[in-house]
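The values are calculated or read from the model by the stated rules, or taken from the named source; none is laboratory data. It should be emphasised that the depicted structure is a prediction, and the values quoted were computed from it without experimental measurement. Every residue, glycine as well, gets a Cβ built from its backbone with ideal geometry; the counts of neighbours run over all protein chains shown.
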Amino acid sequence: GQQVMQIPQYQHVQEGEDFTTYCNSSTTLSNIQWYKQRPGGHPVFLIQLVKSGEVKKQKRLTFQFGEAKKNSSLHITATQTTDVGTYFCADKANAGGTSYGKLTFGQGTILTVHP
Amino acid sequence: NAGVTQTPKFRVLKTGQSMTLLCAQDMNHEYMYWYRQDPGMGLRLIHYSVGEGTTAKGEVPDGYNVSRLKKQNFLLGLESAAPSQTSVYFCASSYGMGGNQPQHFGDGTRLSIL
């Protein structure tokens, strides 16, 4: 089935540093969603990207979808301790396959922020 | 604003025992999902439902059964629990087809099989 590879698996930063996580696929993605899971919590939807080259911003978070729709990234500017958690990308399988209509989640990037 | 409610929150079972996890959503969503989350493996889809009375297999369905008799409820059953089923189980729902709409998750059920 379709798979997205997410890197890095772990990232430790000092508060105020920037952070980026990448989501890569060997096949063209239909769209991509990003979720955040706080420690001990549940995944919470952040954003969805659909168009090639799309860039969306939410305050200090910037989300990008690659021109070829094979990769996506989440960048956090000037991290804060409230950014701690695991960030997941999830792709929607393209039509025509048995996975149509379902999301496949990446392994996630665990972000820790040292004050 | 209940959203997606999962019961129980924690459970410890012995190998071979059976149990049912309940998921209830009050958002009138058509689509519901059961995932398991294991360290380093992200979220893996067990079963899902595209509407009342329907169920379908996901990525890791073996050892689990599901039912969706009412639109708001999605039940996950373990017929004969095995240690490999120790995990955190999340239920989710969405208004539209997965990938087109955000999925809303419950708080999870932490299940240990001894």
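Which of the numbered conditions does A:Val55 fail, given that it passes all the others? Conditions: (1) in contact (Cβ under 8 Å) with a residue 12 or more places away in the chain; (2) more than 14 Å from chain B (Cβ to nearest Cβ).
Condition not satisfied by A:Val55: (1).
Among the numbered criteria (1) outside any loop (DSSP other than H, G, I, E, B); (2) within 22 Å of A:Leu29 (Cα to Cα), which one does B:Ala24 miss?
Of the numbered conditions (1) outside any loop (DSSP other than H, G, I, E, B); (2) within 22 Å of A:Leu29 (Cα to Cα), the odd one out for B:Ala24 is (2).
Taking strands (runs of 3 or more DSSP E) that do not extend beyond segment B:40-87, which have at least 3 residues that are more than 29 Å from A:Gly85 (Cα to Cα) and free of Cβ contacts under 8 Å to residues at least 40 places away in the same chain? Working first, answer last.
Numbers: elements: B:43-49, B:64-67, B:73-78.
In segment B:40-87, the matching strands (runs of 3 or more DSSP E) lie at B:64-67.
For the condition under 14 Å from the mean Cα position of the chain (by Cα), within 9 Å of chain B (Cβ to nearest Cβ) and small (Gly, Ala, Ser), what is the one hit in A:Gly85, A:Gly106?
On the way: A:Gly85 fails: within 9 Å of chain B (Cβ to nearest Cβ).
Step by step, each of A:Gly85, A:Gly106 is checked, and only A:Gly106 is under 14 Å from the mean Cα position of the chain (by Cα), within 9 Å of chain B (Cβ to nearest Cβ) and small (Gly, Ala, Ser).
Scanning for something out of contact with any strand residue (DSSP E or B) (no Cβ under 7 Å at 6 or more places or on another chain), within 28 Å of A:Val4 (Cα to Cα) and within 12 Å of chain A (Cβ to nearest Cβ), does segment B:11-30 turn up at least one residue?
Yes: segment B:11-30 contains one or more residues that are out of contact with any strand residue (DSSP E or B) (no Cβ under 7 Å at 6 or more places or on another chain), within 28 Å of A:Val4 (Cα to Cα) and within 12 Å of chain A (Cβ to nearest Cβ).
Scanning segment A:12-33 for residues that are hydrophobic (A, V, I, L, M, F, W, C) and either at pLDDT below 95 or over 12 Å from A:Phe88 (Cα atoms) (or both), which turns out surrounded by the most Cβ atoms within 10 Å (Cβ to Cβ)?
At the first step, the residues of segment A:12-33 found to be hydrophobic (A, V, I, L, M, F, W, C) are A:13, A:19, A:23, A:29, A:32.
Those left that are additionally either at pLDDT below 95 or over 12 Å from A:Phe88 (Cα atoms) (or both): A:13, A:19, A:29, A:32.
On the way: A:Val13: 16, A:Phe19: 21, A:Leu29: 27, A:Ile32: 29.
Taking the candidates together, the pick is A:Ile32.
Away from chain B (no Cβ under 11 Å), buried (at least 16 other Cβ atoms within 10 Å of the Cβ), under 30 Å from B:Val60 (Cα atoms) and touching a residue at least 12 places away in the same chain (Cβ under 8 Å): does that describe A:Asn71?
Answer is yes for this residue.
Filter segment A:5-46 for residues that are within 9 Å of chain B (Cβ to nearest Cβ), farther than 22 Å from B:Met97 by Cβ and either of a type in the set (Val, Ile, Thr) or in a strand (DSSP E or B) (or both) and give the result.
Passing the criteria: A:Gln6, A:Gln37.
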